[in-house]
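The values are calculated or read from the model by the stated rules, or taken from the named source; none is laboratory data. Note that the coordinates shown come from a computational prediction; the quantities given were computed from them, not determined experimentally. FYI the Cβ positions are ideal-geometry reconstructions off the backbone, even for glycines, and counts take in every protein chain you see.
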Amino acid sequence: MTGWWNSVDAVGKFNTWMQVAIVIFGVLAAVATALTIIAAKRISELQAAEATQLRLRLATTERTAAVTHQQLIPRVLTQVQMTRLTEVLGRSPAKARIPVIATESQETRALASQVVRVLAAAGWNTEPDPGTASPAWTGIILTVENSNQIPPTATLLANELRNEGLAVTITDRPGAPKIKTLEASKTLNANGPKLDLLNLWIGEKAPVQEVP
């Protein structure tokens, strides 16, 4: 070592190589630093994406749970709603005859019974008990003789039920549910397709649509 260390040429070359090494290591350090920054940024992006996906999955799960819960809630008129409906319908000068027919499920029959009690208390001509029919249909349908000339009583009833949160569709007789059996109460006509001028069909609860 003493020989080359005492040589200007040798020490100069050594110094040059050390400077080159410093430059190389500096470049490598800079590249490594840049790659570290890039990797850290990518990790942050991936974590953010995972967090977003998790939030979306949680939101979807919550919406699905809310829809399921909403679907399971039975349609029920509160006493306040029944009283309000009775008062409004009772003020109508025309009291239509309107049999109420429901599907065979407990939920629809319970709601139909409430509607029958309201109609009877308001002085409308209805049956003491709702009829039941099958196969089941969906939604509440009010059938009229001619949908181009809807009687004011039908419009009033549909609107007031809607005001209480019950979606009602008005249609003419061909739009009535296609039933095969009808178990009627005392005076409701059960012989085939013959219907009254107005009939209220209370079907199964329509599926609740999930909000995107």
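Quickly run through the stretch 132-158 and pick out the residues that are under 15 Å from ASN199 (Cα atoms), touching a strand residue (DSSP E or B) at 6+ places or on another chain (Cβ under 9 Å), surrounded by fewer than 22 Cβ atoms within 10 Å (Cβ to Cβ) and not aliphatic (A, V, I, L, M).
Answer for the stretch 132-158, where residues must be under 15 Å from ASN199 (Cα atoms), touching a strand residue (DSSP E or B) at 6+ places or on another chain (Cβ under 9 Å), surrounded by fewer than 22 Cβ atoms within 10 Å (Cβ to Cβ) and not aliphatic (A, V, I, L, M): THR132, TRP137, GLY139, GLU145, ASN146, SER147, PRO151, THR155.
Would you tally the residues in the stretch 103-131 being surrounded by 15 or more Cβ atoms within 10 Å (Cβ to Cβ) and either farther than 20 Å from GLY165 by Cβ or not small (Gly, Ala, Ser) (or both)?
17
Have a look at THR83, THR61 and point out the one that is within 24 Å of LYS205 (Cβ to Cβ), under 30 Å from the mean Cα position of the chain (by Cα), surrounded by 13 or more Cβ atoms within 10 Å (Cβ to Cβ) and among the polar types (S, T, N, Q).
Being within 24 Å of LYS205 (Cβ to Cβ), under 30 Å from the mean Cα position of the chain (by Cα), surrounded by 13 or more Cβ atoms within 10 Å (Cβ to Cβ) and among the polar types (S, T, N, Q) holds for just one of THR83, THR61, which is THR83.
Which one of these is surrounded by 10 or more Cβ atoms within 10 Å (Cβ to Cβ), within 23 Å of the chain's Cα centre (by Cα) and part of a helix (DSSP H, G or I): LEU77, LEU56?
Selected residue: LEU56, the only one of LEU77, LEU56 that is surrounded by 10 or more Cβ atoms within 10 Å (Cβ to Cβ), within 23 Å of the chain's Cα centre (by Cα) and part of a helix (DSSP H, G or I).
Can you confirm whether the stretch 28-51 contains a residue that is over 60 Å from the mean Cα position of the chain (by Cα), farther than 30 Å from PRO207 by Cα and without any contact (Cβ under 8 Å) to a residue 12 or more places away in the chain?
No, the conditions are met nowhere in the stretch 28-51.
If you check every pair at least six apart or on different chains, which have Cβ atoms under 6 Å apart with a residue in the stretch 98-124 that is closer than 20 Å to THR155 by Cβ first and a residue that is of a type outside the set (A, V, I, L, M, F, W, C) and modelled with pLDDT of 95 or more second?
That search, which allows pairs on different chains as well, returns VAL118/THR86; ALA122/THR86.
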